[in-house]
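Participant: This structure is in C-alpha cells; I'll ask about it shortly.
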Amino acid sequence: MPMKSYISYSSESHFPIENLPYGVFSTVDDPTHRIGVAIGDKILDLKYSKNVFDHPLCEVFQQSSLQSLMSSDKKTWSQARKSIQSYLRIENSENLKNGVFWDQNEVEMHLPTSIGDFTDFFSSYYHAHNCGSIMTPDKPIADNWKNMPVAYHSRGSSIRISGTPIVRPNGQYLKDGKVTFGPTEMLDYELEVAFFVGGTLNSLGEPIPTSRASDHIFGMVLLNDWSARDTQLWESFFLGPFLSKNFITTISPWIVTMEALEEFKTDNFKQDPAPLEYLLHDNIKYNFDINLNASLCDPKSQKTYSICNTNYKYMYWTPLQQIAHHTINGCNLQPGDILSSGTISGPEKEQQACLIEKNIGGKIFVDLGERKLKFFEDGDEVTISGFCQGNGYKIGFGNCSSKILPAKNF
C-alpha cells in the first residue's frame, strides 16, 4: 500500500513521499542558502523545521549545501531519508505546525554543492552507433568502446542550475572549407543523467571495485550537456571536445536518492563481448527504468514540441562500471564530483537524444510540424524531464531547462 503524507498531491506529482529528493534553495525574505526536500508542490525547509532529526544529523542540515551529507555514508543517507519520510507521514500530521514549508514556485533554486570535477561518459550504445554511423560509417563502433566506458574530463565550473540562460558560444569552426570564427551555427543539446559522488572516498592510488561502487553514489540528476557541434567537429582531432562543451552544462535542481530509485532497477544492458574482470558485476542490477523527455518551446509561436522520448535503461555501461573504470588507475574521486552518462539514445528515431543524430550531422531538417529544426535558434528554450512510474506514484527529478540568448559581440 502506498505511503501517504499530510502534504497533499496528486498521483501525477513527481515528488511524492516515496521520492523526497534534496535541493538547495533560498527565499526572497531570506537569501540564506539552505537544504530542502521536495514534497508535492512544497519544499520542507530542513534548516528551520523543528524535530525532523536527532543530533548529529540536525547539524548536517544546518549547512548551506549538501557537501556534508554527500561526504557521509550510505547508512547516514538512509537514516536521514527514513527520518524525513517519518516526519511527513500522514500519521504524524502534528508536524505540520513544526515544519517550515515553502511553495516551490516561490523559491530560487541553487547548485546543491560546490561541484568538484565533472566527467562525461559516452555510455549509450545507440548514441555511439548513431554518431559513429555519421562520422565513420564503415566502422560506427570503435574497437575500444565495448571494452571500457569511454569518457572525457569536462568543466565543473560552468555547471549551472536549471533556469540559467545559455549564451550562444563563439568559437572556431570550418565553414565552406575555411576556418571561421563566430557564434556557433550548430548549437545542440544532449539528454543525459548524472550522479553525484559521495561517501568516504578512495585515496590516490586506490581503485574502487564494482562491488563497492554503489557506496559512492549519492543520487541522480538530469543533465543537458550543451554542445557546439561545428566547433566540436573542428577541434576534436585528436584530443576530443574542449571549447565545444565547456561553455555551460545544465542540471536539474533536485537530487533523487538511490534509495528512491531502488524499486526501478532493471536488467543491465547485455554486453558483448564480456568486459574485463574489473568491470564485471553480473549478479548486481544497476540499470534503471527512467522515462526521459526533451522538449523545445518556440519563442515565436510559444508552442512546445517534444523532440525526444527515451529511457535510461539503454545505458550500455552502468554507473558501477563507470566508477570502477574511472578509479582503476588510482584516480581519487571526491564528494561533490559529478559523473554523467553521456547522451542516452534508444533504438528508435524518436529516442535519438541529440539533434546531430536526428539531422544526420546537419544534413536534414527535423520536421516538428510548424517548426523545421536543424539546430537551436536564439530564444529557444530546451527542457529535459524524467520520471520513474511506480504503483500509483511517480519519482521525478524536476525540469532541466535553459533559454538560449544571443552570442556576445567582440
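Participant: Scan the range 217-231 and tell me whether some residue there is out of contact with any strand residue (DSSP E or B) (no Cβ under 8 Å at 6 or more places or on another chain) and either open to solvent by less than 10 Å² (accessible area, probe 1.4 Å) or free of Cβ contacts under 8 Å to residues at least 40 places away in the same chain (or both).
Facilitator: no
Participant: For the range 375-398, how many residues are part of a loop (DSSP other than H, G, I, E, B) and buried (at least 19 other Cβ atoms within 10 Å of the Cβ)? Full working, then the answer.
Facilitator: Looking only at the range 375-398, we keep the residues that are part of a loop (DSSP other than H, G, I, E, B), and these are 375-380, 390-393, 397-398.
So of that shortlist, the ones also buried (at least 19 other Cβ atoms within 10 Å of the Cβ) come out as 375-376, 380, 393, 397-398.
Final tally of qualifying residues: 6.
Participant: Which condition from (1) out of contact with any Ser or Thr (no Cβ under 9 Å at 6 or more places or on another chain); (2) in a helix (DSSP H, G or I) is the one that residue 278 breaks?
Facilitator: (1) is the only condition that residue 278 fails.
Participant: A follow-up question, please. If I ask for residues that are part of a loop (DSSP other than H, G, I, E, B) and touching a Leu at 6+ places or on another chain (Cβ under 7 Å), which ones from the range 102-137 would you list? Step through it out loud before you land on a result.
Facilitator: The initial filter retains those residues of the range 102-137 that are part of a loop (DSSP other than H, G, I, E, B), namely 111-117, 122-123, 136-137.
Residues satisfying the conditions are 112, 113.
Yes/no per residue for (1) within 30 Å of residue 212 (Cβ to Cβ); (2) in contact with a Gly (Cβ under 9 Å, 6 or more places away or on another chain); (3) basic (Lys, Arg); (4) at pLDDT 95 or above:
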| residue | (1), (2), (3), (4) |
| --- | --- |
| 7 | no, yes, no, yes |
| 16 | no, yes, no, yes |
| 20 | yes, no, no, yes |
| 55 | yes, no, no, no |
| 66 | yes, yes, no, yes |
| 69 | yes, yes, no, yes |
| 78 | yes, no, no, yes |
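Participant: Right, something else. Out of curiosity, is residue 212 within 30 Å of residue 38 (Cβ to Cβ) and either of a type in the set (Lys, Arg) or out of contact with any strand residue (DSSP E or B) (no Cβ under 9 Å at 6 or more places or on another chain) (or both)? Please lay out each step first, then the result.
Facilitator: Values: within 30 Å of residue 38 (Cβ to Cβ): yes; either of a type in the set (Lys, Arg) or out of contact with any strand residue (DSSP E or B) (no Cβ under 9 Å at 6 or more places or on another chain) (or both): yes.
For residue 212, the condition - within 30 Å of residue 38 (Cβ to Cβ) and either of a type in the set (Lys, Arg) or out of contact with any strand residue (DSSP E or B) (no Cβ under 9 Å at 6 or more places or on another chain) (or both) - is met.
Participant: It is to be established whether one or more residues within the range 181-202 are open to solvent by 10 Å² or more (accessible area, probe 1.4 Å) and assigned to a strand (DSSP E or B).
Facilitator: Yes, the conditions are met somewhere in the range 181-202.
Participant: Under the condition of being touching a Gly at 6+ places or on another chain (Cβ under 6 Å) and surrounded by 15 or more Cβ atoms within 10 Å (Cβ to Cβ), which residue from the range 125-151 is modelled with the highest pLDDT?
Facilitator: The residue in question is 126.
Participant: Condition first: in a loop (DSSP other than H, G, I, E, B) and crowded, with 19+ Cβ neighbours inside 10 Å. Now tell me which residues in the range 291-318 satisfy that.
Facilitator: Of the range 291-318, the ones in a loop (DSSP other than H, G, I, E, B) are 298-303, 316-318.
The answer is 316, 317, 318.
The values are calculated or read from the model by the stated rules, or taken from the named source; none is laboratory data. The structure presented is a predicted model; accordingly, all values stated were derived computationally and were not measured. Cβ sites come from the backbone with ideal geometry, for glycine too, and all protein chains shown count toward neighbours. With ligands, DNA and RNA removed, areas are computed over all heavy atoms of the protein, side chains included. Shrake-Rupley method; radii C 1.70, N 1.55, O 1.52, S 1.80 Å.
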